[in-house]
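I have placed the structure first, in the form of structure tokens, so that the comments after it can refer back to it.
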Amino acid sequence: MAHSNLRSASPSALGDVNLGPSANPHARPTDFDFLAVIGKGTFGKVLLAKLKADNKFYAVKVLQKKIILKKKEQKNIMAERNVLLKSLKHPFLVRLHYSFQTSEKLYFVLDYVNGGELFFHLQRERCFSEPRARFYAAEVASAIGYLHSLNIVYRDLKPENILLDSQGHVVLTDFGLCKEGVEPEGTTTTFCGTPEYLAPEVLRKEPYDRTVDWWCLGAVLYEMVYSLPPFYSRDVGEMYDGILHKPLFLPPGKSEAIRSLLVGLLQKDPHRRLGSIADFLEIKNHSFFTPINWDDLYHKRITPPYNPNVRGPADTQNIDPEFTREMVPNSVSQTPDLNASFSSSNAFHGFSFVATEDSFL
């Protein structure tokens with residue numbers, strides 16, 4: 001994880017974090033049976049947990065305060081909480097039920113979404129058909145468009161942060177790198193994200209706007225149909241050089257509509273990128289999405305192209321075994337080391353980072 005090498009804060013540095021209206025002062029870790037690690041986020045791990053009171057299953061994101069306080073990340077955590085509270089109003093964003101804290105950790109109690117990461121399914125199937133990729137891209141674009149309408153830039157769109165629910169609909173998760181308060185013409189400057197999906201203007205360390213999310217959508221769509229992100233290389237320097245300078249290579253065999261969309265989204269000049277003028281409206285109106293009825297999509301009236309075949313609320317068959325192998329001791333005092341880094345079967349795939357601090361930190 002991005003913050004795995006930080007020194008420990010002294011016990012006296014640990015205090016209460018203001019969790020605002022999401023806080024449940026009566027909740028305790030002992031309310032839950034923690035069953036397995038099911039994912040990693042920007043600032044912590046995500047655990048599958050069963051609430052003892054009603055035997056319902058939740059995803060509980062656990063964050064170590066010493067990391068947050070040491071790096072003054074409280075604003076980032078509050079941004080994540082604020083976005084989670086607003087995400088109640090959109091069908092393709094994960095839902096926060098409540099949050100609570102102990103002297104050492106923060107806990108966000110979220111929907112348990114067990115259809116698996118898009119990355120997990122991509123690894124298993126290598127690539128998707130255009131109709132399947134169109135469905136996922138449309139639901140993701142709808143979620144991103146909603147965040148933009150609230151002046152939120154997501155900044156970390158990648159297959160690991162796109163989950164499928166038990167029916168096969170998209171659920172966008174992990175709002176740890178979201179930036180609030182970015183007006184339509186506004187910019188921000190933090191050098192953050194995931195290497196394979198960084199937009200050229202971020203790499204150039206220039207002020208950037210919400211169109212970074214449309215670049216990321218293009219990179220994810222490219223990966224869905226071609227099996228690797230555009231400009232991908234195991235050599236990070238070579239990959240960055242490709243993102244900055246090399247023309248986009250589109251292997252043959254795909255429709256003109258998807259090729260046109262990828263060229264528009266993966267435009268190196270953000271002022272010429274699809275979405276730079278009318279944001280989500282430009283993406284909605286692209287010919288690739290002509291088969292999509294956006295109202296039906298929003299109300300989940302379109303049958304997903306793939307059913308994850310979830311057997312029940314505790315089913316982890318679609319969760320990457322790399323996570324679920326790390327079982328959680330049931331004693332709360334023995335919850336896993338939240339700083340432990342994950343290996344990755346695809347070089348550094350999926351590693352989010354925040355390299356420099358924004359003005360609000």
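The values are calculated or read from the model by the stated rules, or taken from the named source; none is laboratory data. It should be emphasised that the depicted structure is a prediction, and the values quoted were computed from it without experimental measurement. Quick reminder, even Gly has a Cβ in these numbers, built from the backbone with ideal geometry, and neighbours come from all protein chains shown.
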Among the residues of segment 180-197, the number that are of a type in the set (Asp, Glu), part of a loop (DSSP other than H, G, I, E, B) and crowded, with 16+ Cβ neighbours inside 10 Å is 1
If the requirement is being farther than 18 Å from LEU274 by Cβ and at pLDDT 95 or above, which of these qualifies: LEU177, LEU150, LEU244?
LEU244
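Can you confirm whether TYR232 is in contact with a Pro (Cβ under 8 Å, 6 or more places away or on another chain), surrounded by 13 or more Cβ atoms within 10 Å (Cβ to Cβ) and in the same structural domain as SER142 (by TED's automatic domain parsing)? Can you show your working first?
Numbers: in contact with a Pro (Cβ under 8 Å, 6 or more places away or on another chain): no; surrounded by 13 or more Cβ atoms within 10 Å (Cβ to Cβ): yes; in the same structural domain as SER142 (by TED's automatic domain parsing): yes.
In short, no.
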Could you check LYS86 against (1) surrounded by fewer than 24 Cβ atoms within 10 Å (Cβ to Cβ); (2) modelled with pLDDT of 90 or more; (3) assigned by TED's automatic domain parsing to the domain that holds GLY44; (4) not polar (S, T, N, Q) and say which number it fails?
(2)
Give me the pairs, please: first residue somewhere in segment 237-262 and not assigned by TED's automatic domain parsing to the domain that holds GLU201, second residue anywhere and in a loop (DSSP other than H, G, I, E, B) and surrounded by 17 or more Cβ atoms within 10 Å (Cβ to Cβ), beta-carbon distance under 8 Å, and either six or more positions apart or on two chains.
none
For residues that are part of a helix (DSSP H, G or I) and exposed (fewer than 15 other Cβ atoms within 10 Å of the Cβ), tally how many sit in segment 264-285.
1
Among (1) out of contact with any Phe, Trp or Tyr (no Cβ under 6 Å at 6 or more places or on another chain); (2) more than 23 Å from LYS205 (Cα to Cα); (3) not hydroxyl-bearing (Ser, Thr, Tyr), the one test that PRO159 misses
(1)
Any residue at all in segment 164-172 that is crowded, with 20+ Cβ neighbours inside 10 Å and either within 26 Å of LEU203 (Cα to Cα) or of a type in the set (Asp, Glu) (or both)?
yes
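What helices (runs of 4 or more DSSP H) completely inside segment 67-166 contain at least 3 residues that are touching a helix residue (DSSP H, G or I) at 6+ places or on another chain (Cβ under 9 Å) and within 30 Å of VAL225 (Cα to Cα)? Full working, then the answer.
Values: elements: 74-86, 118-125, 130-149.
By residue number, 118-125, 130-149.
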